[in-house]
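Structure first, commentary second.
Derivation of every value follows stated rules applied to the coordinates shown; laboratory data play no part. Keep in mind that what you see is a predicted model, and the values were worked out from it rather than measured. Cβ placement follows ideal geometry from the backbone for every residue including glycine, while neighbour counts extend to all protein chains displayed.
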Amino acid sequence: MRKVSPALLAATAAAALWLAGRHAPAEPVTEPASPAPDTVDRVAVARQEHEAAIRQKYHAAAVQYPGEIFIRWLKREAMLELWARNGGGQFRLVFRYSLLAVSGGPGPKRREGDKQVPEGFYEINRFNQKSLFHLSLGLNYPNAADLVLSDHEHPGGDIFIHGGNVTIGCAPLGDEAIEELYLAARDAHDQGQAHIQVHIFPDRMSGPEWERYAAGEIARRPELAAFWAQLRPGFEYFERRRALPIITIAEDGRYVLGKD
C-alpha cells in the first residue's frame, strides 16, 4: 500500500473544507455586536439622559408620547423626519434629524457593495442595543420588491439607522440623536405598534425644485423615471393627508399605491 505523506493529507483536508464552505447554506447576515463584553444597559442610559428631551419634542408637536410613529428618510437633504400621532389622527412632525454622513447617490439599492441607500417603503424589523454604532434600528431591506429587482444572490443587507458618524448605505445620526429616536421607536413598539414604517425617498418629491432635480438625474439614468413614478404617489399621499398610504408590491417588484 502506498504511503501518503502528511503534507498531502493536510492539503486534501484543506481543499475539502474549502469546497464544503462554498456549498454550505448562507447564514442570515446580522449586524455584529460589540466584540468586547459590554454590561452597560445603553437603553437605560439613553432613557435617563434623553427621555425628557424626546418627550418635550412630542409635547411641542401636540402629540402624546410615544404615540404611533412614522420615519421619513430624505436622501438628498440627508435628513430623517420623525412623525407621530395619537388615536388614528393626522401625523405631526416631531423632529428632523440630520445625517452626519452619506454614501451612494440617487436611486435604489440593487446589489451588495454598491454603497447605496435603498429607496422605497420599509419597516423597522429589529432593535440592536449592542450595536457597534451605539444603538441601531434595522430595516427590512431587502423587502419583497428588492428580492425581485435586486441581485438575486447578493442583494446586500444590514441597512440601519444608527449612532456614530460614518456609514456605507445607512443613516448615522450621532449617539445623542439615535438615543432619542431609539427610545421613541422602542416605546411605540412596546405600546403595541407592530409595524413602524420607514419611507426612503430620493428627495421631497413635489414642487419645481424636485422637477428640476429629477429631470437632471433621469437624463443621466433614464431607468429612474419608472422607479420614481412608483414612489411619488406614496410621498404625495402622505403630504396631502398626513396619513400612511397602503402600499402593495406587484409580482414584478413594482410598488403600487392601494385604493382607499
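In the chain, Cα pairs under 8 Å separated by at least six residues give a relative contact order of 19 percent. From the alpha carbon centroid of region 191-225 to that of region 73-124 is 10 Å. Between ALA44 and ASN125, the FRET efficiency estimated from the beta carbon spacing at R0 = 30 angstrom works out to 0.85.
What's log10 of I(q)/I(0) for region 39-204 at q = 0.18, 0.21 Å⁻¹, Debye sum over Cα points only, no solvent? Debye output, listed in q order: -1.12, -1.45. Across the cross-link table entries LYS109/LYS130; LYS115/LYS259; LYS130/LYS259, which are compared at the Cα atoms, the separations over 30 Å belong to LYS115/LYS259; LYS130/LYS259.
With a simple spin-label model that places each label point 7 Å from the Cα along the Cα-to-Cβ direction, the separation between ARG96 and GLU209 comes to 0.8 nm. Neighbour counting of Cβ atoms within 10 Å sorts the residues THR39, THR248, THR167, fewest neighbours leading, into THR39, THR248, THR167. Each of GLY113, LEU80, GLN64 was placed along the dipole of the chain (beta-carbon charges, centred on the mean Cα), and the one lying farthest toward the positive end is GLY113. The dipole here belongs to region 32-153: it is taken about the Cα centre, uses +1 on the Cβ of Lys and Arg and -1 on the Cβ of Asp and Glu, and is about 380 debye.
Ranked for footprinting exposure by Cβ neighbours inside 10 Å, fewest first, LEU173, LEU224, LEU183 give LEU224, LEU183, LEU173. Sorting MET79, MET205 by the number of Cβ atoms found within 10 Å of their own Cβ, with the fewest placed first, yields MET79, MET205. Between ALA145, TYR122, ILE246, the Cα set farthest toward the positive side of the dipole of the chain (charges on each charged residue's Cβ, about the Cα centre) is that of ALA145.
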